[in-house]
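The values are calculated or read from the model by the stated rules, or taken from the named source; none is laboratory data. This one's a predicted model, so the numbers in the text were calculated from it and none came from an experiment. Note that each Cβ is placed from the backbone with ideal geometry, even for glycine, and that neighbours are counted across all protein chains shown. Heavy atoms of the whole protein, side chains included, go into the accessibility calculation; ligands, DNA and RNA do not. Shrake-Rupley method; radii C 1.70, N 1.55, O 1.52, S 1.80 Å.
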Amino acid sequence: DSQSPPAQPPPPAPTSHTGSPTDFLKGVVGKRVIVRLISGVDYQGILSCLDGVMNIALEQTEELVNGAITNRYGDAFVRGNNVLYISAAEPL
């Protein structure tokens, strides 16, 4: 008697976030984020605030070049015209 293994349940459907970019940004204030600059340098820290032109204030900031920490800052300000993207560094 050959028995086939029990059927696996289908994988869960990917969750889609239907919120706006503004909703995302409001949701990550106070959370750890990664800010990628157009130069390719990353800043990781806690997003304390930002404005309509993406000027960003971070706390407990680490500067990363090619994934390696090159500097640590208490607080940092990133001018919005240098920002390529902001990513959540922790689950929302």
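Name the single residue that is modelled with the lowest pLDDT among those in region 68-92 being out of contact with any Asp or Glu (no Cβ under 8 Å at 6 or more places or on another chain) and outside any strand (DSSP E or B). My answer is 92.
Sub-7 Å Cβ pairs linking a first residue in region 38-54 that is part of a loop (DSSP other than H, G, I, E, B) to a second residue that is open to solvent by 40 Å² or more (accessible area, probe 1.4 Å) and among the polar types (S, T, N, Q), at least 6 apart or interchain, are 38/82, ordered by first then second residue. Scan region 79-92 for residues that are touching a residue at least 12 places away in the same chain (Cβ under 8 Å) and within 15 Å of the chain's Cα centre (by Cα) and report the count. Result for region 79-92: 9. Note on region 61-83: residues that are under 16 Å from residue 28 (Cβ atoms) and exposed (fewer than 14 other Cβ atoms within 10 Å of the Cβ) total 1.
Quick one: is residue 58 open to solvent by less than 70 Å² (accessible area, probe 1.4 Å), part of a strand (DSSP E or B), in contact with a helix residue (DSSP H, G or I) (Cβ under 9 Å, 6 or more places away or on another chain) and touching a residue at least 12 places away in the same chain (Cβ under 8 Å)? Judged against the criteria, residue 58 is not a match. When the residues of region 25-35 are filtered to those that are free of Cβ contacts under 8 Å to residues at least 60 places away in the same chain and closer than 14 Å to residue 92 by Cα, the one that is least open to solvent (accessible area, probe 1.4 Å) is 33. Looking across region 36-55 at every residue that is over 15 Å from residue 77 (Cβ atoms) and open to solvent by 80 Å² or more (accessible area, probe 1.4 Å), the one that is modelled with the lowest pLDDT is identified as 52. Residue under question is residue 23, and the condition is that it be among the acidic types (Asp, Glu) and touching a strand residue (DSSP E or B) at 6+ places or on another chain (Cβ under 7 Å); does it hold? No: the conditions fail for residue 23.
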